[in-house]
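Enquirer: The structure that follows is given in the form of structure tokens.
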Amino acid sequence: MNTATKAAAGLERYRMYIGGEWTDAADGETFETTDPYTMQAWATLPRGRKVDAERAVQAADKAFNSGPWSAMKASARGLLLHRLADLIVRDADKLARIEVRDNGKLITEMRAQTGYLPEYFRYFGGLADKIEGAVLPIDKSDTFNYTTHEPLGVCVAITAWNSPLLLAVNKLAPGLAAGNTFVLKPSEYTSASALELAKLFEEAGFPPGVLNVVTGYGAEVGAPLVEHKKVAKIGFTGSEFGGQKIYEAAARDFKHVTLELGGKSANIVFADANLDDAVKGAISGIFAATGQTCVAGSRLLVQDSIYDEFVDRLVAFARSARMGDPSDRATQVGPVTTPPQYEKILEYIGIARNEGAQCRLGGNASTRPECGAGLFVEPTIFSEVRNDMRIAQEEVFGPVLSCIRFKDDDEAAAIANDSLYGLAAGVWTSDLRRALEFPKRLKVGMVWVNMYRAVSYMSPFGGYKRSGIGRENGMDAIREYLQTKSVWISTAKETPDPFVIR
Ligand code: NAD
């Protein structure tokens, strides 16, 4: 095991994991990864290219078609996933700290996340030997018909920078349980945790080639993976633009895809809601993870009769949010992860101002001493936003909230659905009938009622409309990594007329 060794410059030096070997890029090139709080480079990673993608796909293909993984019983696959879960429990703190350093996520959020990730491998590991086909009561005489569900083959997992471990695990756990092999390409901004996870795969005893991790840029190493003829499926989490490129490339070979893309989710507060809870729900919807989350409740729809009071309460609550070092357990809002994202957030704040939205809180980069060298944006709240403004229609992916008024249920549903996206929504109400009925009106993949931003390995995750295709988590997720075979066996004494369909 030799993924990270100290390089001369004092930086950690990571290697990729291909075919069970720790390796540099074929041409030896590297790139640096930066700590978003200190803005200092802390590690180097191999800058993979087409030749490295080729090696990784060949390794995954070999592992899928021959060798121990291809012969392994489903129960044994499940046990390996359980062993991996135990190793993640052991290393949860280390994994959390690496993610904080590479991504700027809060240690409090990461510690909760790495404590929970093992459950994904346990749940799907438990499903590995429960992938049952059926004997069908077929309507043909002298015929026996049954179905089996088989893995797809080599899968490529490509992930965004905002939640690197979770996004990888969302794909690996169901896909491996189903019997596939993987090449994982994490975001070029946050690749370290994927390589740390690969170490645990090696230690758990996964055969070589079952998981391969290549690092580098999307166009250089991601695109050749997606285009490779031996790849059967791409599980992608990222931007709408990236998703379009993946979908187009996958279409050429009719590859399977799961696309988890962007969102502009409505968090809807009715006048009858418990307003204390709703304020916290609105805050967690937009300022948790510095707003860098696909399910951000970035459009806050508030009923007219409570709008002014609610926005005042929200501003007062958000004003006290503690920005600072993400490794400090007291910090509530960490840095923006990447410089382009920082620029984009500030640009959208300018756009909102020009459109006539009223900035009620924040609206600036933060240079407070506790923000160190990091790129921080103050928690920002705009009121008097109309849903046709760009700030209400386009994904910002930062701590910027748009507050929009509505009159009644009909208008709330109309505004919520007036979006190209359809990832998630929140509903805050004390009315049981509305809690049950209103979610039916929302054209989104996930609805939270009197809660926000909850995820579980058991519950399907994914979007409608431009927010994506397919589902991660739950039983739906394992089906995304399987294909169905129908087997027909004739028990007839003689073959009937060959010119007539049976
Ligand atoms: P991105 O599309 O720029 O990059 C995502 C990944 O795709 C990266 O690993 C990148 O290297 C790779 N990539 C880029 N071009 C490629 C190409 N031509 N071929 C193959 N790979 C390529 O997205 P990002 O900026 O990293 O992530 C932010 C976006 O992700 C936001 O829009 C956010 O909403 C979305 N997201 C969605 C979910 C979800 O589950 N729906 C979760 C997290 C983030």
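Enquirer: Let me see the pair-distance distribution of segment 54-115: every alpha carbon pair, 10 Å bin width, integer percents in order.
Expert: Binned Cα distances yield the sequence 20, 28, 28, 23, 1.
Enquirer: Just to check I understand the Karplus step: with θ = phi - 60° and J = 6.51 cos²θ - 1.76 cosθ + 1.60, what whole-Hz values come out for segment 405-414, glycine and proline as x?
Expert: Karplus values, whole Hz, x for Gly and Pro: 8, 9, 8, 9, 4, 4, 5, 4, 5, 5.
Enquirer: Another question about this same structure. Taking the square root of 5 times each eigenvalue of the Cα gyration tensor, what semi-axes in Å does the equivalent ellipsoid of segment 266-449 have, largest first?
Expert: Equivalent ellipsoid semi-axes, largest first: 27, 17, 15 Å.
Enquirer: Based on the alpha carbon coordinates of segment 189-338, what radius of gyration and maximum Cα-Cα distance (Dmax) apply, in Å?
Expert: Gyration radius and largest Cα-Cα distance of segment 189-338: 20.9, 62 Å.
Enquirer: Counting Lys +1, Arg +1, Asp -1, Glu -1, what net charge surrounds F461 among other residues with beta carbon under 11 Å of its beta carbon? Write out the running numbers ahead of the final one.
Expert: Numbers: positive: R471; negative: E260, E472, D476.
Residues close to F461 contribute a combined charge of -2.
Enquirer: I'd like the projected area of segment 188-235, averaged over all directions, using the convex hull of its alpha carbons. Report it in nm² with one decimal.
Expert: So the Cα hull casts an average projection of 3.9 nm².
Enquirer: Order 380-386, 262-268, 70-76 from most to least packed using the mean count of other Cβ atoms within 10 Å.
Expert: Packing proxy ranking, top to bottom: 262-268, 380-386, 70-76.
Enquirer: From Cα coordinates alone, what are the radius of gyration and Dmax values for segment 141-267 in angstrom?
Expert: In order Rg, Dmax, the Cα atoms of segment 141-267 give 16.0, 60 Å.
Enquirer: Continuing with the same structure: Place a +1 charge on the Cβ of each Lys and Arg in the chain and a -1 charge on the Cβ of each Asp and Glu, then give the dipole magnitude about the Cα centre in debye, rounded to the nearest 20.
Expert: In total the dipole reaches around 720 debye.
Enquirer: Could you give P(r) for segment 90-156, binned at 5 Å from zero, as whole percent values over all Cα-Cα pairs?
Expert: Taking all Cα pairs of segment 90-156, the binned fractions are 3, 13, 13, 12, 11, 11, 10, 8, 5, 5, 4, 4, 2, 0 percent.
Enquirer: Okay, moving on. Please determine, in degrees from 0 to 90 and to the nearest 10, the orientation of helix 50-65 with respect to the longest principal axis defined by the Cα atoms of the chain, where the helix direction is its Cα long axis.
Expert: Relative to the chain, helix 50-65 is tipped by roughly 50 degrees.
Enquirer: Tell me which residues come under 5 Å, amide H to amide H, from Q303 once H is placed; ignore anything under 5 positions away on its chain.
Expert: Those lying under 5 Å, H to H, from Q303 are V269, A271, F406.
Enquirer: Against the longest alpha carbon principal axis of the chain, how many degrees, from 0 to 90 and to the nearest 10, is the axis of helix 304-319 turned?
Expert: 90 degrees
Enquirer: Compute the acute angle (0 to 90°) between the alpha-carbon long axis of helix 339-355 and the principal axis of greatest extent of the alpha-carbon atoms of the chain; round to the nearest 10°.
Expert: Rounded to the nearest ten degrees, it is 50.
Enquirer: Moving on to the next point. Rg and Dmax in Å for the chain, alpha carbons only: what are they?
Expert: Rg and Dmax of the chain, Cα atoms, are 24.3, 86 Å.
Enquirer: Moving to a separate point now. How big is the gap, in Å, between the Cα center of segment 252-266 and the Cα center of segment 433-487?
Expert: Spelled out, the Cα-based centre of one part sits 13 Å from the other.
Enquirer: Next up: Given just the C-alpha atoms of segment 372-502, how large is their convex hull per residue in cubic angstrom?
Expert: 258 Å³
Enquirer: For segment 360-399, what is Rg from Cα atoms divided by 2.2 N^0.38 Å, rounded to two decimals? Don't jump to the answer; show the numbers that get you there.
Expert: Details: Rg = 12.5 Å, N = 40, 2.2 N^0.38 = 8.9 Å.
Expressed relative to 2.2 N^0.38 Å, the Cα Rg reads 1.40.
Enquirer: Once the other residues with Cβ under 10 Å from the Cβ of L401 are scored (Lys, Arg +1; Asp, Glu -1), what is the net sum?
Expert: Details: positive: R299, R360; negative: none.
It works out to a net charge of +2.
Enquirer: Can you sort L136, L275, L81, L436 so the residue with the fewest Cβ neighbours within 10 Å comes first?
Expert: The fewest-first ordering by Cβ neighbours comes to L436, L136, L275, L81.
Enquirer: Now for a separate question. When the helix-only estimate is applied to the chain (DSSP H runs of n ≥ 4, each -39,500 (n - 2.57), divided by the residue count), what is the mean residue ellipticity at 222 nm, nearest 500 deg cm²/dmol?
Expert: It comes out at -11500 deg cm²/dmol, rounded to the nearest 500.
Enquirer: Which net charge results when you count Lys and Arg as +1 and Asp and Glu as -1 among the other residues whose beta-carbon is under 15 Å from that of A26?
Expert: After counting each charged neighbour, the total is -2.
Enquirer: Could you tell me the center-to-center distance, by alpha carbons, between segment 184-209 and segment 77-121 in angstrom?
Expert: When both Cα centres are located, 12 Å separates them.
Enquirer: Checking the table K105/K264; K94/K264; K50/K245; K229/K465; K185/K233; K264/K443 against a 23 Å threshold on Cα-Cα, which pairs fail?
Expert: Check vs 23 Å cut-off fails for K94/K264; K229/K465.
No value in this document is a laboratory result; all are computed from the given coordinates. All values derive from a computational prediction rather than experimental measurement. Counting neighbours? That spans all protein chains shown, and the Cβs are built from the backbone with ideal geometry, glycine included.
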